[in-house]
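Peer 1: Below: one structure in structure tokens.
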Amino acid sequence: MGVGGALLIGLAAAAAATGPAAAGERAGAGEASSLPAATDTRLGGDESRTRFIIDVSQTITLTAFTLADPYRVVIDLPQVSFRFPAKTGESGRGLVKAFRYGLVMPGGSRIVIDTKGPVRIEKTFVLDAIDDQPARIVVDLVTIDRESFMRSLALENQARRAAEPRKSDREPVKAGDQRPLVMLDPGHGGIDDGTTAPSGETEKSIVLDFTQGLRDKLEKSGKYRVAMTRSDDRFIPLAERVRMARQQKAALFISIHADALAKNEGDARGAAIYTLSETASDAEAGKLADAENRADLIAGVDLSGEPDDVADILIDLAQRETKHFSAHFAKTLHAELKTSAKFHKHPLKSAGFRVLTAPDVPSVLVELGYVTSPQDLKLMTSESWRARATDSIVQAIHTFFSKRLTGQGPVSAN
Ligand SMILES: [Zn+2]
């Protein structure tokens, strides 16, 4: 939609004007008093027509659109401070099953509604504050059949894609700099918290802190160019992470995550390293890949234009040596990291992780530990453990590249 595109351009310009550091701080200080506050929500109506109301401290603009499979309604807002009562969004009414909310990028917040079936956004409007009534955002949803839903979705998508700014290379390769590029990928971010510890720590911030430490060490070594898919609290779709690695011709891609177990699933702990495969190495790995691949659904990303068949990617991979490199790095990483980290009983596994699907970039995903394990959580949030673990990863990267250069390891596919 035109308005969505315009909003994104506006935000990018604002971030550029203030510089990345300022943008990051602003995102971190999401509760800054200058931001409009969203204070409450109400749902009215039934399963043919449902009204969604959001109380806000001042009049703000919004863009709303629908997504299919699963059916969702996405409401994009300028950055707001969410001050909803606890448990808001966990249950719904009428056409609304549940909803979630959060920062999707510095300067932009989002509400993603899961609906019970295909819906049409009948109208959206904003009411100014009057007397003791706060300003209100109103979104009216009506039920429609799937066929009409898909038809209007196709039209909406066409308009939205036409209005999207053309993506350009964020960090062009410096001419003459032949050092290999290592791309680090802290999982989740923004509206997508990832897993959450019982004590409240989120995966998205644990892995960002860890990855920033790793980046600093790698840069200091002087041997590599280092890039990150995100360096602040923003959401990046999985396909975009893969695209960044390919476009910048990364020589290695490392995605960093932290797992969690549901209460009734025992008390597993420890790290694990994953590579891409069509068939999961065990049921647990398959379940984890499904959970990690949900990031885009959680954040309200349109997946209709994305190829989703890992099998096709693997055919492509089979023609290259990427898969071999990925497995080789996973082994090297395990050998180094086991000196500083406790590993899960099956330390090397594989499954269909979307973020590992760049056919020309060796890619691994590291689960540092379980946020649901008090011991793991203590380690992952401690300076000394992080220092040891990042040292080990740096060492593994040195080994990986030195073997490639001296011809002891797999020969470069590039
Ligand atoms: Zn994760």
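Peer 1: Just wondering, is there one or more residues in the range 76-90 that are polar (S, T, N, Q), more than 21 Å from the chain's Cα centre (by Cα), surrounded by fewer than 18 Cβ atoms within 10 Å (Cβ to Cβ) and not in a strand (DSSP E or B)?
Peer 2: At the first step, the residues of the range 76-90 found to be polar (S, T, N, Q) are 79, 81, 88.
Going one step further and asking which of them are more than 21 Å from the chain's Cα centre (by Cα), we end up with 88.
Okay, now just the ones that are also surrounded by fewer than 18 Cβ atoms within 10 Å (Cβ to Cβ), so 88.
Now restrict to residues that are not in a strand (DSSP E or B): 88.
Yes, there is a match, as at least one residue in the range 76-90 is polar (S, T, N, Q), more than 21 Å from the chain's Cα centre (by Cα), surrounded by fewer than 18 Cβ atoms within 10 Å (Cβ to Cβ) and not in a strand (DSSP E or B).
Peer 1: Assuming Ala86 fulfils every condition listed in (1) of a type in the set (Gly, Ala, Ser); (2) modelled with pLDDT of 85 or more; (3) touching a strand residue (DSSP E or B) at 6+ places or on another chain (Cβ under 9 Å) apart from one, which condition is it?
Peer 2: Looking at each condition in turn, Ala86 falls short on (3).
Peer 1: Select from the range 234-286 the residues that are within 17 Å of Pro186 (Cα to Cα), within 15 Å of the ligand (Cβ to nearest atom) and assigned to a helix (DSSP H, G or I) and list them in ascending order.
Peer 2: Matches in the range 234-286: Leu238, Arg241.
Peer 1: Considering every residue within the range 115-128, establish whether at least one is at pLDDT below 85 and touching a strand residue (DSSP E or B) at 6+ places or on another chain (Cβ under 7 Å). Walk me through how you get there before you give the answer.
Peer 2: Residues of the range 115-128 that are at pLDDT below 85, as a first pass: none.
Taking every residue of the range 115-128 in turn, none turns out to be at pLDDT below 85 and touching a strand residue (DSSP E or B) at 6+ places or on another chain (Cβ under 7 Å).
Peer 1: Hey, can you tell me all the residues within the range 339-391 that are over 22 Å from the mean Cα position of the chain (by Cα), assigned to a loop (DSSP other than H, G, I, E, B), of a type outside the set (A, V, I, L, M, F, W, C) and within 30 Å of Lys323 (Cβ to Cβ)?
Peer 2: If the condition is that a residue be over 22 Å from the mean Cα position of the chain (by Cα), assigned to a loop (DSSP other than H, G, I, E, B), of a type outside the set (A, V, I, L, M, F, W, C) and within 30 Å of Lys323 (Cβ to Cβ), then Thr339, Ser340, Lys342 are the ones that fit.
Peer 1: Kindly indicate the residue of the range 198-221 that is in contact (Cβ under 8 Å) with a residue 40 or more places away in the chain, out of contact with any strand residue (DSSP E or B) (no Cβ under 8 Å at 6 or more places or on another chain) and away from the ligand (no atom under 16 Å from the Cβ) and also farthest from Gly102 (Cα to Cα) among those meeting that condition.
Peer 2: Among residues in the range 198-221 that are in contact (Cβ under 8 Å) with a residue 40 or more places away in the chain, out of contact with any strand residue (DSSP E or B) (no Cβ under 8 Å at 6 or more places or on another chain) and away from the ligand (no atom under 16 Å from the Cβ), the one farthest from Gly102 (Cα to Cα) is Ser221.
Peer 1: Just checking, does the range 211-219 include any residue being surrounded by fewer than 19 Cβ atoms within 10 Å (Cβ to Cβ) and not in a helix (DSSP H, G or I)?
Peer 2: No, because not a single residue in the range 211-219 is surrounded by fewer than 19 Cβ atoms within 10 Å (Cβ to Cβ) and not in a helix (DSSP H, G or I).
Peer 1: Quick check on the range 360-375. Is at least one of its residues surrounded by fewer than 19 Cβ atoms within 10 Å (Cβ to Cβ), away from the ligand (no atom under 16 Å from the Cβ) and farther than 22 Å from Arg241 by Cα?
Peer 2: The initial filter retains those residues of the range 360-375 that are surrounded by fewer than 19 Cβ atoms within 10 Å (Cβ to Cβ), namely 360, 374-375.
When the remaining residues are screened for being away from the ligand (no atom under 16 Å from the Cβ), the result is 360, 374-375.
Applying the additional criterion that residues be farther than 22 Å from Arg241 by Cα yields 374-375.
Yes: one or more hits.
Peer 1: Can you find, within the range 171-197, the residue that is farthest from Leu288 (Cα to Cα) among those that are away from the ligand (no atom under 16 Å from the Cβ) and at pLDDT 90 or above? Don't jump to the end; show me each part of the working.
Peer 2: Applying the first criterion (away from the ligand (no atom under 16 Å from the Cβ)) to the range 171-197 yields 171-183.
This time we only want the ones that are at pLDDT 90 or above, so: 179-183.
Numbers: Arg179: 34, Pro180: 30, Leu181: 28, Val182: 24, Met183: 22 Å.
Out of the qualifying residues, it is Arg179.
The values are calculated or read from the model by the stated rules, or taken from the named source; none is laboratory data. Predicted model, so just to flag it, every value in this text is computed and none were measured. In this analysis, Cβ positions are derived from the backbone assuming ideal geometry, glycine residues included, and neighbour counts consider all displayed protein chains.
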